[in-house]
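The values are calculated or read from the model by the stated rules, or taken from the named source; none is laboratory data. Just so we're clear, the structure is a prediction, and the values are computed from it rather than from any experiment. Cβ placement follows ideal geometry from the backbone for every residue including glycine, while neighbour counts extend to all protein chains displayed. Ligands, DNA and RNA are excluded from the accessible area calculation, which covers all protein heavy atoms including side chains. Shrake-Rupley method; radii C 1.70, N 1.55, O 1.52, S 1.80 Å.
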Amino acid sequence: MTSIFFNSPLDDEKRRNLLYSGDIFVYSTIPVAQAFVEFAREMIEAAFAPLDPQVAQHELPVEEFAAILAKLKPAFIHHPKSKAFVGQMLTELGCDPTKTYFDVPRMRTSTSHSYLTSGISYAFHPHRDTWYSAAPCQLNWWFPIYDVEPDNVMAFHPHYWSQGVKNSSSCYNYYQWNATSRQTAAQHVKQDTRVQPKPQEEMELDPQIRIVSKPGDVMVFSAAQMHSTVQNTSGKTRFSIDFRTVHYEDVVAKRGALNVDSECTGTALRDFLRITDLERIPEQAASLYDIETLSEGLLIYEPSTVVSAG
């Protein structure tokens, strides 16, 4: 059974244990998250001016809309304030800043009525992040930037927490993805042809859980949770922020959620930065998750600097 904890006073270790067991946490009225939302809104509204970003899709050709996102999203990701907000938020919510590592925050969009569902605004099919080379101890943090409703959030499918699904994750290698697919997202406007892990059997998506929260209300869940992008029929584009964390001791001890069906290779751990000094997670910890000889590709994807594998 999946339980949802609202504004729980539990410490980080107890919270992590429950998240690894399939529970979900939600925190409201977090001042740093509210400030992060305001910062994101300023960037979004400047990029779409003079249009209202939530309904701009009704005024713009899809190619122009995608071109705006192609500039906006990297600017948000790499802005130094974005990393600072994440570190402050995690510390405020009880994470140990000397042992908690995070990846850069991303701005996500979900457009209405299938206006743009590929590439830079990908509408995710049911999946676990562990199919995409996430460590079992990875936790996902998500919150909306504007008001959301049941028709434009994400859905969790708790039936599959402990039940495996036939899927194509064996085709996914994180280092190959870095080398060949990550930088081309903005090019996929009409159709996304990149190879991604997907279910290979019919799934029972009900019952499902949809959490409709306020802007800046922070939701935390395991990377092993089965979840999907709800088909947006709200008439508005949903804007949200998400990032991921791992706790160093859990990484080294290989603690986390059970792996019921993931067969991908490579690991995203080298993307993670320590809160205190933004140093990358030590190589000896990340390499614990390389279960085979490194294939050709990039261990770390960065627009200007890359570290090669092979």
**Message:** Checking the conditions here, which among 62, 55, 32 is open to solvent by 10 Å² or more (accessible area, probe 1.4 Å), in contact (Cβ under 8 Å) with a residue 60 or more places away in the chain, in contact with a Lys or Arg (Cβ under 7 Å, 6 or more places away or on another chain) and more than 30 Å from residue 204 (Cβ to Cβ)?
**Reply:** 55
**Request:** Name the one entry in 255, 274 that is at pLDDT 95 or above, over 17 Å from residue 140 (Cβ atoms) and basic (Lys, Arg).
**Result:** 274
**Prompt:** In the set 38, 13, 42, which member is farther than 23 Å from residue 108 by Cβ, modelled with pLDDT of 95 or more, open to solvent by 80 Å² or more (accessible area, probe 1.4 Å) and assigned to a helix (DSSP H, G or I)?
**Reply:** 13
**Complete:** Among the residues of the range 131-145, the number that are open to solvent by 20 Å² or more (accessible area, probe 1.4 Å) and more than 20 Å from residue 3 (Cβ to Cβ) is 1
**Request:** From (1) in a loop (DSSP other than H, G, I, E, B); (2) surrounded by fewer than 18 Cβ atoms within 10 Å (Cβ to Cβ); (3) touching a residue at least 60 places away in the same chain (Cβ under 8 Å), pick out the condition that doesn't hold for residue 236.
**Result:** (2)
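So that you can scan it fast, the table gives a plain yes or no per residue for (1) touching a Gly at 6+ places or on another chain (Cβ under 8 Å); (2) at pLDDT 95 or above:
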residue: 173; (1), (2): yes, no
residue: 176; (1), (2): yes, no
residue: 195; (1), (2): no, no
residue: 210; (1), (2): no, yes
residue: 226; (1), (2): no, yes
residue: 229; (1), (2): no, no
residue: 238; (1), (2): no, yes
residue: 243; (1), (2): no, yes
residue: 247; (1), (2): no, yes
**Prompt:** Within the range 74-83, restricting attention to residues that are surrounded by 15 or more Cβ atoms within 10 Å (Cβ to Cβ) and within 20 Å of residue 218 (Cα to Cα), which residue is modelled with the lowest pLDDT?
**Reply:** 77
